[in-house]
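Novice: Structure incoming, see below.
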């Protein structure tokens, strides 16, 4: 085990791996909603794609963690996981129908599920306990940095393809951008092979690892059930981008804003017809807003996550969930706002939504450790991730169904119903958490 106050080399290298991987992933993710639409599908298939992807990832995090504990070998699972994601993810650019993205997204999330638990175990085993928090914080910072770089790289790739190579067909430009995302992913895999060293296998535990809620007290089981309920209203973030694209496309506010700025107007004049110009501008806006969102997360995640140590987990979690309810209620009404303020409202809502993550992510996980015995924490976290994963699939499918179904009944109204539903579930979850879960201070 590494001693001292400096972050070990293996942690730095794994940080770079996460930076490259997130850059590759976020070159694609914010563009998936508009890509699905360009392939002729809508909110329901988007819900299936994201629901299956996240559920697959959560379930495999539990399984791979058990395997890595039984074998004591981490690096090989980390390499397999990152390699699967790297080689499958760019295939998004060659699909001919939206349903095919389901298979690719699932393969990508299989990779994430395989690598996450062994990677975290490798980090924990590589550092002294006195800098474990610092090391994990560094790793998360590198991860978030990649999430900022990815959308910016997507914008750069799209602009080069359009202005440099004359690819003005938006669907073709998206395809090539997804294929280019293979490059940072490959850098991640090469970094693992060449620079991540596992000095010695960890202590293997071949004993079968059994999962059961019977050994946990009622308080933790209630908390887990409330987390599942909240997850049922917590659909994929891809729907936020889907909603934004829908709003700016219908209002025409974004193209109007760009045309009023002379340098930007000159640049987009080379994008083809006015209709194609508007389409490409709307596409470029999605990774821009996504990068902005992650910048806010980077700034506030650490200080707001630490707040639960001082004022209690339940308060901080409920602050985060209240923000979530407000943001979803606001997105429900986004298309009803005057066109002139939609852009400003979109940036404001994404900034506020980033605070939901900053308040809740760390506090939710820390609360798990507060509610169970020390020797049960590994199992408890496995249950926690597994429960959220099980909720992710019906959440996104239900959200996509509500979006599509009510859009057919009243055009433009589907998003209002779906986001309103998510807001309502968050409020109910807040009330149950405050009333039914005891907090040990």
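Just so you know, all these numbers are worked out from the coordinates, no wet-lab data involved. Bear in mind that the values here come from a model prediction, so they are computed numbers and not experimental data. So basically every Cβ, Gly included, is an ideal-geometry build from the backbone, and we count neighbours across all protein chains shown.
Novice: Per the Kirkwood formula on distinct C-alpha pairs, the Rh of the chain is how many angstrom?
Specialist: Numbers: mean 1/r = 0.0442 Å⁻¹.
After inverting the mean inverse Cα-Cα distance, the result is 22.6 Å.
Novice: First check a/c for segment 215-441, with a ≥ b ≥ c the square roots of the eigenvalues of its C-alpha gyration tensor; if it is under 1.5, answer rounded, and if not, answer prolate when a/b is larger than b/c or oblate otherwise. Don't skip to the answer; put the middle values down first.
Specialist: On the way: a/c = 2.71, a/b = 1.99, b/c = 1.36.
It is prolate, given that a/c is not under 1.5 and a/b is the larger ratio.
Novice: If you don't mind, another one. How big is D for segment 57-128, in µm² s⁻¹ as a whole number, if Stokes-Einstein is applied with the Kirkwood radius of its Cα pairs at 37 °C and 0.692 mPa s?
Specialist: Working: Rh = 12.7 Å.
Roughly 259 µm²/s, to the nearest whole number.
Novice: List, largest first, the extents of the alpha carbons of segment 7-194 along their principal axes, each in whole Å.
Specialist: 53, 32, 24
Novice: Next up: By average Cβ neighbour count within 10 Å, what is the ranking of 311-317, 28-34, 275-281 from highest down?
Specialist: Values: 311-317: 20.9, 28-34: 26.1, 275-281: 18.1.
Result, highest mean Cβ count within 10 Å first: 28-34, 311-317, 275-281.
Novice: Based on the Cβ-Cβ distance from residue 217 to residue 424, what FRET efficiency comes out when R0 is 22 Å, to the nearest 0.05? Don't skip to the answer; put the middle values down first.
Specialist: Numbers: r = 29 Å, r/R0 = 1.34.
Working from the Cβ atoms, E equals 0.15.
Novice: Measure off 7 Å from each Cα along the Cα-to-Cβ vector at residue 299 and residue 165, then give the distance between these two points in nanometres to one decimal.
Specialist: Here the answer is 3.5 nm between the modelled labels.
Novice: Highest first, please rank the peptides 51-60, 6-15 by the mean number of other Cβ atoms sitting within 10 Å of their residues.
Specialist: Result, highest mean first: 51-60, 6-15.
Novice: How much length is gained on full extension from residue 96 to residue 439, taking 0.36 nm per residue of separation minus their Cα-Cα distance? Intermediate results must be reported in sequence, preceding the final value.
Specialist: Values: separation 343, 0.36 × 343 = 123.48 nm, distance 5.11 nm.
Between residue 96 and residue 439, full extension yields 118.4 nm more.
Novice: Sticking with the crude label model, points 7 Å out along Cα→Cβ, report the distance from residue 176 to residue 333 in nm, one decimal please.
Specialist: Going from the residue 176 label point to the residue 333 one covers 4.3 nm.
Novice: Work out how much length residue 288 to residue 152 would gain on full extension: take 0.36 nm times their residue separation and subtract the Cα-Cα distance, in nm to one decimal.
Specialist: Numbers: separation 136, 0.36 × 136 = 48.96 nm, distance 0.68 nm.
That pair, residue 288 and residue 152, stretches by 48.3 nm at full extension.
Novice: Additional query: Post the alpha-carbon centroid distance, segment 5-28 to segment 230-271, in whole angstrom.
Specialist: Using only Cα atoms, the two centres lie 30 Å from each other.
Novice: Using the basic label-point model (7 angstrom from Cα toward the beta carbon), what is the residue 261 to residue 365 distance in nanometres?
Specialist: 3.6
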